[in-house]
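What follows is a short report on a single structure.
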Amino acid sequence: MANTILVGAQWGDEGKGKIIDVLTENADVVVRSQGGNNAGHTVYVKGQKFVLHLIPSGILRRGKLCVIGNGVVVDPINLVGEIDGLEKLGVQVSPKSLSLSETAHLVFPYHRLLDEQRELAKGKNKIGTTKRGIGPAYGDKVARVGLRVCDLIHPARFEVKLHARIAENNKVLKALGAKTLNFREVHAAYRKAGDRLAPFVRNTVVQLHEAMQDGAAILFEGAQGTFLDIDHGTYPFVTSSNTTAGGACTGSGVAPHRMDKVVGVMKAYTTRVGEGPFPSEDAEISDMLHAMGREFGATTGRARRCGWFDAVVTRQAAMVNGIDDLAITNADGLDTVETIRVCIGYKVGSRKLNYLPNDLEDLAQCVPIYAEFPGWRTPTHEVRDWKKMPAKCKAYLKAISELTGAKLAIASVGPGREQTIFV
């Protein structure tokens with residue numbers, strides 16, 4: 001397996017965790033390169049459900065090295081909890097299987113409180129953040145006042161830096177009318193987490209390059225999706241990191257020319273969580289999927305907004321990311337639909353667009369132009385061979401791949417590893 005970047009081609013929640021888990025069978029190293037514990041990847045192994053937030057999905061396969069890269073923002077207490085939770089489920093997590101970048105930035109309680117206060121202040125214009133403190137943590141990183149993992153594992157230095165940051169942020173929180181923080185409580189909790197995490201800390205840039213020199217195949221695990229990217233997404237209704245393929249390079253320290261392939265993951269329909277324009281949103285398909293128990297967030301439990309497949313979105317994702325292969329998930333979610341609609345363009349007044357407008361006011365006025373495809377009206381969740389897929393289902397999946405502009409490589413008909421069809 002070549003060095004492969006896996007990205008979401010929509011607004012996140014495309015089922016990347018399951019596809020990553022499948023692909024890790026042929027990978028030696030799995031790297032998480034951006035985001036924080038605001039992301040959640042759900043993986044089912046032999047009927048058992050695992051929800052991962054910071055640790056790459058490769059941890060569920062023995063003999064794989066998982067790396068949390070420098071581009072991730074890490075809540076140490078949350079990470080310790082995730083390690084403990086996996087071990088309770090029988091998954092071994094050790095410094096041999098997990099590395100944490102010494103230059104990854106840290107998330108603190110004041111980040112979460114600021115996140116919450118800023119969201120409350122926006123009122124009806126809220127972004128829909130998970131309130132996990134991710135945006136404020138990246139803000140501190142850019143402002144060059146953030147604390148990093150290498151600070152956490154040096155007690156004297158950490159105490160001085162944390163004291164200064166809490167004193168400064170308490171003034172802001174007090175002005176906002178929010179609860180202020182007790183330095184001793186925060187310091188004690190984080191130092192305890194730091195002691196637990198210290199054996200996992202590495203210079204992961206050097207580690208990854210040494211692995212490549214030894215011939216290792218590396219899989220770069222993206223979090224969120226293309227249109228939540230801070231630069232290329234539907235700003236300001238985005239996350240705080242680069243969720244596109246370029247983020248895998250900056251967030252890991254692996255150069256672009258060392259990447260061999262980009263795999264894009266997209267659902268057979270479209271969903272998004274949080275606020276912001278969503279041209280193909282449709283109440284009927286949303287109600288149908290929710291009634292089936294589908295489309296609830298792995299991290300927040302929030303019901304996702306649902307709509308018909310938007311080829312404008314995925315076509316732009318293919319362009320921005322340089323997607324080579326496509327993995328289409330949740331095809332079985334459309335098994336009962338008689339007529340399936342696909343957004344192939346937008347109409348704004350008398351104009352027709354085949355791209356996503358950058359100006360949100362323009363995007364909010366976009367009316368989808370739909371093409372229709374006949375549904376297959378038969379269950380697919382037990383299909384294991386592409387040749388045995390219903391003809392209308394194969395035609396639909398091929399059509400949306402062609403509209404996206406990339407090659408169909410994988411079709412998924414359920415959450416299990418075995419429900420994966422290589423085309």
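Derivation of every value follows stated rules applied to the coordinates shown; laboratory data play no part. Computed from a predicted model, the values in this text were never measured in an experiment. Methodologically, a virtual Cβ is constructed for each residue, glycine included, from the backbone with ideal geometry; neighbour enumeration extends over all protein chains shown.
Miscellaneous remarks
- Applied to region 91-101, the Karplus parametrisation 6.51 cos²θ - 1.76 cosθ + 1.60 on θ = phi - 60° returns per-residue 3J(HN,Hα) values of 9, 7, 10, 9, x, 7, 10, 9, 10, 10, 5 Hz, with x for Gly and Pro.
- Taking N as its residue count, the alpha carbon Rg of region 266-422 over 2.2 N^0.38 Å: 1.03
- Helix 155-175 axis, angle to the chain major axis (alpha carbon atoms, nearest 10°): 70
- Lys, Arg +1 and Asp, Glu -1 on Cβ, resulting dipole of region 118-222 about Cα centre, debye, nearest 20: 760
- Cα-based helix-to-principal-axis angle, 183-197 vs the chain, degrees rounded to 10: 70
- Cα gyration tensor, region 105-197 - rounded (a/c under 1.5), prolate or oblate: prolate
- Only helices enter the 222 nm calculation for the chain: every DSSP H run of n ≥ 4 contributes -39,500 (n - 2.57), and dividing by all residues gives -10000 deg cm²/dmol, rounded to 500.
- Candidates Tyr190, Pro136, Ser252 compared by Cα position along the dipole of the chain: farthest toward the positive end lies Tyr190, with charges placed on Cβ.
- Listed pairs Lys131/Lys161; Lys46/Lys387; Lys96/Lys261; Lys18/Lys131; Lys49/Lys388; Lys88/Lys171 exceeding 32 Å between Cα atoms: Lys88/Lys171
- Over region 45-125: Rg over Rh, Cα atoms, Kirkwood Rh: 1.08
- Largest first, the extents of the alpha carbon coordinates of the chain on the three principal axes equal 65, 49, 39 Å.
- Of Asn321, Asn37, Asn170, the one that fluctuates the most in a GNM where the chain has Cα springs shorter than 10 Å: Asn170
- Only one residue of Ala331, Val263, Gly47 has its Cα farthest out toward the positive end of the dipole of the chain, where Lys and Arg carry +1 and Asp and Glu -1 on Cβ, and that residue is Gly47.
- By the count of neighbouring beta-carbon atoms within 10 Å, fewest first, Lys179, Lys124 end up ordered Lys124, Lys179.
- Of Gly233, Gly274, Gly222, the residue with the greatest mean-square motion in the GNM of the chain, using alpha carbon springs below 10 Å, is Gly274.
- Within the listed set Asp310, Asp359, Asp231, the Gaussian network model of the chain (springs between alpha-carbon atoms below 10 Å) gives the highest mean-square fluctuation for Asp359.
- Ranking of Tyr235, Tyr396 by neighbouring Cβ atoms within 10 Å, starting from the fewest: Tyr235, Tyr396.
- Separation between Cα centres of region 240-281 and region 163-214, rounded to whole Å: 26
- Residue order, fewest to most surrounding Cβ atoms within 10 angstrom, among Arg258, Arg184: Arg184, Arg258
- Segment Glu361-Arg384, extension gain: residue separation times 0.36 nm, minus the distance between their alpha carbons: 3.9 nm
- About the centre of its Cα atoms, the chain shows a dipole size close to 620 debye [charges on the beta carbon of Lys, Arg (+1) and Asp, Glu (-1) only; nearest 20 debye].
- Calculated FRET efficiency, Ala143 to His290, Cβ-Cβ distance, R0 = 41 Å: about 0.55 to the nearest 0.05.
- Cut-off 12 Å, label 7 Å out along Cα→Cβ of Lys49, residues of region 378-401 by amide N: none
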